[in-house]
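Q: Sharing a structure here in structure tokens format.
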Amino acid sequence: MFSKILIANRGEIALRIIRACKEMGVATVAVFSTADENSLHVSLADESICIGPAAVTDSYLNISAILSAAVLTGAEAIHPGYGLLSENPKFARLCAQCGIAFIGPSWEIISKMGDKDQARATMAAAGVPIVPGTDIISDPDQAHRKADEIGYPLLVKARSGGGGKGIRLVERSEDFLNEYSLARQEAQNAFNDDGVYLEKFLTRVKHIEIQLLCDQHQHVVALGERECSVQRKNQKLLEESPSPSLTPEIRMAMMEVSRQAALAIGYENAGTIEFLMDAQGHFYFMEMNTRLQVEHPITEMVTGVDIVKWQIRIAAGLPLTFGQEDVHIQGHAIECRINAENPLLDFRPNCGTINFLHVPGGPWVRFDTLLYQGYAIPPYYDSMVGKLIVHSKTRELTIRKMKAALCELVIEGIDHTSQVQLDILSHPLFIAGDYFTDFMENEFGKTLPE
């Protein structure tokens, strides 16, 4: 086991990793920008080191500063969390070259799965169903012809896309060339890569993902699924596990195809394969996230498996001590993302000082957050300030428990999204489990301005 780990991240996920390390007896190093000097993860870590000014490009994305901090403090491994450098193959490769373990898959796998076009081809070769579409097309006229063959509506998607960026919906042939050009331009600006491909746009679909743990000894375990269909502008707002829409047969098929795909590509560590599932129960590969997911706590709640600890153990070369037959989904869990945003002002992000904070309690209630009373939220980073997670025996009881927890949550000093989460949980379609990825747009489009 590692004796010291550097966490190359901030906020609630840095705290989550630090707590796991403390329970494992592993020393921790926090890195921070000048804007995060008073952040909780800096205080909780055994050591901390400043890596640059507030801008992420000068601090949390500054690879040389982070690696220098690891060498300076004697850290044997780096946990990247999610976002930032977690799916950066260059960072993972440089960690290996410096003799520092990267807590995640190899840089080659990250590179392969990060290229959305290559990922589609890889998954298709592994027998995973994929959405009808094309490879990368750089010629506009050829792309237009292919689009007409696929049929509308369709998506123009960036090869290096992520977080909902570099995606354009095209509903008519006459709009294609303009949307194709805009998608390439957005992809170039966001990822410095204008490669795009086409994909059939599926309507009335569910966003379902399978959580995997894969050790270095060819053992692969699927920890069930998460339903992530409550989204706004391709950003997840609420997740639940298990999905209210999957039959046991579809669940088994999804988990098995995911396990076989991970084995086929030689995947190691935690990873998630994301699918789109239509109303008839047909599912198609969307992408693979080669990192820890924001919504991992709901899987931990229903399986009893600490995913972060297993990430660390796997990176240290330890084998999984349980098999697929040992995974049993118990009860139901829901996660609500609490963002510092004003839903009445087009979800405008905001920041401020937390004047009062009351965190909900009770059995099986968890609030992962970077907040504390008196904390001044800096304006430079992601607007998510916490994740409220609850677990109960049934979905109905879990919805009730989440509503109670949201009502108990008090965050004064900023605008935040807890009321929107209450509205979602109270909606008849959500209660029935009969919701799709267009749920927010269709049901809340008039009351929550776009």
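Q: Taking the full set of protein chains and a 1.4 angstrom probe, give the accessible area of Phe430 in square angstrom, rounded to the nearest 10.
A: 0
Q: Taking R0 as 45 Å, what FRET efficiency do you get between Leu318 and Glu149 from their Cβ-Cβ distance, rounded to the nearest 0.05?
A: Calculated value: 0.35.
Q: Give the calculated FRET efficiency between Glu171 and Lys22 to the nearest 0.05, with a Förster radius of 60 Å applied to their Cβ-Cβ distance.
A: 0.70
Q: Then there is this: Ordering Thr321, Thr73 by how much accessible area each has at a 1.4 Å probe, largest first, what is the list?
A: Thr321, Thr73
Q: Let me ask you something else. Rounded to the nearest 10 Å², what accessible area does Asp278 have for a 1.4 Å probe in the complete protein model?
A: So the heavy atoms of Asp278 present about 20 Å² to solvent.
Q: Sticking with this one: Which length gain, in nm to one decimal place, applies between Gln218 and Glu325 when the Cα-Cα distance is subtracted from 0.36 nm times their residue separation?
A: Additional length available on full extension: 36.9 nm.
Q: Hey, another quick one. If amide H atoms are built 1.01 Å from N in the plane of the peptide, which residues on other chains or at least 5 residues away come under 5 Å of the amide H of Ser229?
A: Result for Ser229 returns His207.
Q: Now for a different question. How long is the gain from Gln260 to Phe356 if the chain were fully straight, where each residue apart is worth 0.36 nm and the alpha carbon distance is subtracted?
A: 29.7 nm
Q: Would you please give the FRET efficiency between Asp434 and Cys50, computed as 1/(1 + (r/R0)^6) with r the Cβ-Cβ distance and R0 = 35 Å, to the nearest 0.05?
A: Rounded to the nearest 0.05, the efficiency is 0.10.
Q: Hey, any idea what % of the chain's accessible area is carbon plus sulfur with a 1.4 Å probe?
A: 50
Q: Shifting gears a bit: To the nearest 500 deg cm²/dmol, what mean residue ellipticity at 222 nm is calculated for the chain from DSSP H runs of n ≥ 4 alone, each contributing -39,500 (n - 2.57), summed and divided by the residues?
A: -10000 deg cm²/dmol
Q: Heavy atoms only, 1.4 Å probe, whole protein assembly: order Met402, Met384 by accessible area, highest first.
A: Details: Met402 0, Met384 30 Å².
Accessible-area ranking of Met402, Met384, largest first: Met384, Met402.
Q: Moving to a separate point now. Suppose every K and R has +1 on its Cβ and every D and E has -1 on its Cβ; what is the size of the dipole of region 215-283 about the Cα centre, in Debye to the nearest 20?
A: Numbers: 6 positive and 10 negative charges, 48 e Å.
So the dipole magnitude of region 215-283 works out to roughly 240 debye.
Q: Output ³J(HN,Hα) for region 75-90: one whole-Hz value per residue in order, computed from phi by the Karplus curve 6.51 cos²θ - 1.76 cosθ + 1.60 with θ = phi - 60°, and x for Gly and Pro.
A: Per-residue couplings from phi come out as 5, 8, 8, 10, 9, x, x, 10, x, 6, 9, 5, 10, 9, x, 4 Hz.
Q: Let me ask something else. Which value in nm describes the separation of the simple spin-label points at Gln185 and Ala404, placed 7 Å from the Cα toward the beta carbon?
A: Result for the modelled spin labels: 5.3 nm.
Q: For Lys4, give me every one of the aspartates and glutamates with a C-alpha distance below 15 angstrom, ignoring sequence neighbours fewer than eight places off in its own chain.
A: Glu23, Asp46, Glu47, Glu76
Q: Continuing with this model, one more query. Given Ala14, Tyr60, Phe91, which one lies farthest toward the positive end of the charge dipole of region 4-103, if we put +1 on the Cβ of every Lys and Arg and -1 on the Cβ of every Asp and Glu?
A: The one lying farthest along the dipole's positive direction is Phe91.
Q: Determine how large the accessible area of Glu23 is when every protein chain is in place; take a 1.4 Å probe and give Å² rounded to the nearest 10.
A: 130
Q: Quick one: what does P(r) look like for region 4-103 with 5 Å bins over all Cα pairs, in whole %?
A: 2, 15, 28, 28, 19, 6, 1
Q: Here's something else I'd like to know. Separation between the Gln97 and Leu345 pseudo-spin-labels, each 7 Å from Cα along Cα→Cβ, expressed in nm?
A: 4.5
Q: Show the residues, 5+ positions off or on another chain, whose built amide H is closer than 5 Å to the amide H of Gln211.
A: Amide H to amide H, under 5 Å and 5 or more residues apart or across chains, Gln211 pairs with Leu223, Gly224, Arg226.
Q: For region 146-213 and region 231-302, write down the distance between their C-alpha centroids in whole Å.
A: 20
Q: First select every other residue whose beta carbon is under 15 angstrom from the beta carbon of Met123; then total the charges, Lys and Arg +1, Asp and Glu -1.
A: -2
Q: Using θ = phi - 60° and the Karplus curve 6.51 cos²θ - 1.76 cosθ + 1.60, what whole-Hz ³J(HN,Hα) does each residue of region 195-201 get, with Gly and Pro shown as x?
A: The phi angles translate into x, 9, 9, 10, 8, 4, 8 Hz.
Q: Another one. Where in region 172-205 is the amide nitrogen less than 16 Å from a point lying 7 Å along the Cα-to-Cβ axis of Lys233?
A: 186-187, 190
Q: For region 41-58, in order, what is each residue's ³J(HN,Hα) by Karplus, 6.51 cos²θ - 1.76 cosθ + 1.60 with θ = phi - 60°, in whole Hz (x at glycine and Pro)?
A: Once rounded to whole Hz, the list reads 5, 5, 6, 7, 6, 5, 9, 9, 8, 6, 10, x, x, 4, 4, 4, 5, 9.
Q: Would you mind checking which residues have amide H under 5 Å from Asn9's amide H? H placed 1.01 Å from N; only 5 or more apart, or other chain.
A: Amide H neighbours of Asn9: Val31.
Q: Another question about this same structure. So what is the accessible area of the chain per residue, in Å², with the probe set to 1.4 Å?
A: Value returned for the chain: 40 Å² of accessible area per residue.
Q: Please go through the residue pairs Lys22/Lys116; Lys200/Lys393; Lys90/Lys309; Lys236/Lys393; Lys165/Lys206 and name each one whose alpha carbons sit more than 28 Å apart in this structure.
A: As for pairs spanning more than 28 Å Cα to Cα, those are Lys22/Lys116; Lys200/Lys393.
Q: Using Cα-Cα distances under 8 Å and only pairs 6 or more residues apart, what relative contact order does the chain have, in percent? Present the calculation step by step, with values, prior to reporting the outcome.
A: Details: 967 pairs, mean separation 63.4, N = 450.
Relative contact order comes out at 14 percent.
Q: Round to a whole angstrom and tell me the spacing of the C-alpha centers of region 371-409 and region 36-92.
A: If you average the Cα positions of each part, the centres end up 26 Å apart.
Q: Moving on. In nm, to one decimal, how far is the Asp193 label point from the Asp141 one, both placed 7 Å along Cα→Cβ?
A: Label-label distance for Asp193 and Asp141, simple model: 2.9 nm.
Q: When Lys and Arg each count +1 and Asp and Glu each count -1, what net charge do the other residues less than 11 Å away from Asp306, Cβ to Cβ, add up to?
A: +2
Q: Over all directions, average the projected area of the Cα convex hull of the chain and note it in nm².
A: The number I arrive at for the chain is 20.1 nm².
The values are calculated or read from the model by the stated rules, or taken from the named source; none is laboratory data. A quick note: this is a predicted structure, and the numbers were derived from the prediction, not measured. Cβ atoms come from the backbone with ideal geometry, glycine included; neighbour counts cover every protein chain shown. Please note that ligands, DNA and RNA were not included when accessible areas were found on the heavy atoms of the full protein model with its side chains. Shrake-Rupley method; radii C 1.70, N 1.55, O 1.52, S 1.80 Å.
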